[in-house]
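Shown next, in structure tokens, is the structure this report addresses.
The values are calculated or read from the model by the stated rules, or taken from the named source; none is laboratory data. Treat the numbers as computed from the prediction; the structure is a model and nothing was measured. Cβ placement follows ideal geometry from the backbone for every residue including glycine, while neighbour counts extend to all protein chains displayed. Only protein heavy atoms, including side chains, enter the accessible area calculation; ligands, DNA and RNA are left aside. Shrake-Rupley method; radii C 1.70, N 1.55, O 1.52, S 1.80 Å.
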Amino acid sequence: MKYEENPFVVTGRIKPEYFCGRQSESERLTKLLLNGNNVVLKSDRRMGKTGLIQYCFDKPVFQENYYTFFIDILHTTCLQELVHELGRAVYEQTVPRGQKMAQRFLRTLRSLNGKFGFDTMTGTPTFSVGLGDIEQPEYTLEEIFDYLQQADRPCIVAIDEFQQIGKYPEKNIEALLRGHIQKIGNCHFIFAGSEKHLLGLMFDSHSRPFYKSADNMTLEALPRDTYTGFICRKFAEKGRHIQAELAEEVYDMFEGHTYYVQKTMNEAFSNTDPDGDCTPETVNGSLQAILDGNNGLYREHLSRMTLRQKTLLYAIARDGWASQITSADFIKRHKLASASSVQSAIKRLTEDELVVEESKRYRISDRFFALWLTKTILA
């Protein structure tokens, strides 16, 4: 069977020919960074922040003149983990560039000097540092910033899900990071995140250390015509065909949310024969395969919920976007217990990131989960 590259990429770096739209956003982000600005980049999760950042970082102007670093800190729970992720990213991007940077890395990161292994062929350090080796994270963080300041190129650091630092147990993390960032002249930052209200509080509140320290950018869904045109073109370029109306149906089903459209098209493309047509049956079968693959995960989500949390989740799934959820009308229509029970249930559902709030409306964060609920539980 002949291998053919799937043009609908859902993981890893996206080749320029498979990168859809975002021309104005990439130009603005590039311009801001080249002119020495920090940037706050907000969007829903899996809307394309990472792809946009990496697309810009891959441009020749950054590849040839800058060191670029990308870290995702969603999984981190404390300063120690943040420092570990940043240290690894800085090491992997700069030390392999030459002996001079390797020696500077060893000389500057004194707190970890005895923790590195060494490559037997080149004598350069290897980043074999464990979390437990970072005994003084504040001191090691200062050393990393000192190292970046001494780099032989300007640096750009992108920190994804930056709002996570507000959940760390240590106090004054924002002030600590802001203090370092203010002092370093050789480095600029992208603070990306999906919890837009938390990022807004960090960067727009007078009382917070990062107040007005970065330019704002927000990624919305790609325009309908742009995305569906891209889908039809990529099918055609690979010798396959999809009706524009069918691509539009998929776009509308997920309100243009990049990941869910992209994943559905990835699956549908793989299920379309060369020189064949992608039909509604192809798309429906592809969607069902995705939902079936997540069946165990979604049932596990439900198993952890109380009855009141489940009934509220089902109500939100029925409405798609739910508003005024503590009103008498909403409670009566969905046979919920009381306004107080709704308040406690929504608090837990949002804390667990199963439901997201936007402009006082609620929806299920994972759109495949919402679809699975309507097909499996609420059918």
Find the Rg to Rh ratio for segment 1-142, where Rh is the Kirkwood radius over alpha-carbon pairs and Rg uses the same atoms.
1.02
Once amide H atoms are built 1.01 Å from N in the peptide plane, which residues 5 or more positions from Ile190, or in another chain, come under 5 Å H to H?
Val39, Val157, Ala158, Ile159
Kirkwood Rh for segment 2-59 from C-alpha pairs, in Å, is 12.7 Å
Looking at this model, which pairs from Lys31/Lys167; Lys49/Lys263; Lys196/Lys263; Lys196/Lys375; Lys15/Lys183; Lys100/Lys171 are more than 26 angstrom apart at the alpha-carbon?
Lys31/Lys167; Lys196/Lys375; Lys15/Lys183; Lys100/Lys171
Per residue, accessible area of the chain with a 1.4 Å probe, heavy atoms of protein chains only, in Å², comes to 49 Å²
Degrees separating the helix 137-149 axis from the principal Cα axis of the chain, which is the longest one:
70 degrees
From the square roots a ≥ b ≥ c of the eigenvalues of the alpha-carbon gyration tensor of segment 287-372, which class results: rounded (a/c under 1.5), prolate (a/b over b/c), or oblate?
prolate
Taking only Cα atoms of the chain, radius of gyration then Dmax in Å
23.4, 72
Quarter of the surface of the C-alpha convex hull for segment 121-198, i.e. direction-averaged projected area in nm², equals 7.1 nm²
Assigning unit charges at the beta carbon (Lys, Arg +1; Asp, Glu -1) and nothing else, what dipole magnitude in debye, to the nearest 20, does segment 57-199 show about its Cα centre?
400 debye
Over segment 70-141, with a single point scatterer placed on each C-alpha, what log10 of the ratio I(q)/I(0) does the Debye formula yield at q = 0.11, 0.24 1/Å?
-0.26, -1.14
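Tell me the carbon and sulfur percent of the accessible area for segment 208-348, rounded to whole percent, probe radius 1.4 Å.
C and S atoms contribute 46 percent here.
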Would you calculate the convex hull of the Cα atoms in segment 335-379 and tell me its volume per residue in Å³?
89 Å³
Between segment 197-263 and segment 302-379, what's the alpha-carbon centroid distance in Å?
24 Å
Counting only DSSP beta bridges fully inside the chain, the antiparallel percentage to nearest 5 is 30 percent
With viscosity set to 1.567 mPa s at 4 °C, what whole-number translational diffusion coefficient in µm²/s follows for segment 306-349 from Stokes-Einstein and a Kirkwood radius over Cα pairs?
129 µm²/s
Where the centre of each part is set by its Cα atoms, how far does segment 50-106 sit from segment 1-47, in angstrom?
18 Å
Using the Karplus curve 6.51 cos²θ - 1.76 cosθ + 1.60 with θ = phi - 60°, what ³J(HN,Hα) values do you get for each residue of segment 10-23, in whole Hz, with x for Gly and Pro?
10, 9, x, 6, 9, 5, x, 6, 10, 8, 9, x, 6, 4
Send over the Kirkwood Rh of segment 147-278, from the inverse of the averaged 1/r over different Cα pairs, rounded to one decimal Å.
18.2 Å
For helix 224-237, what angle does its Cα long axis make with the longest principal axis of the chain, in degrees from 0 to 90 and rounded to 10?
80 degrees
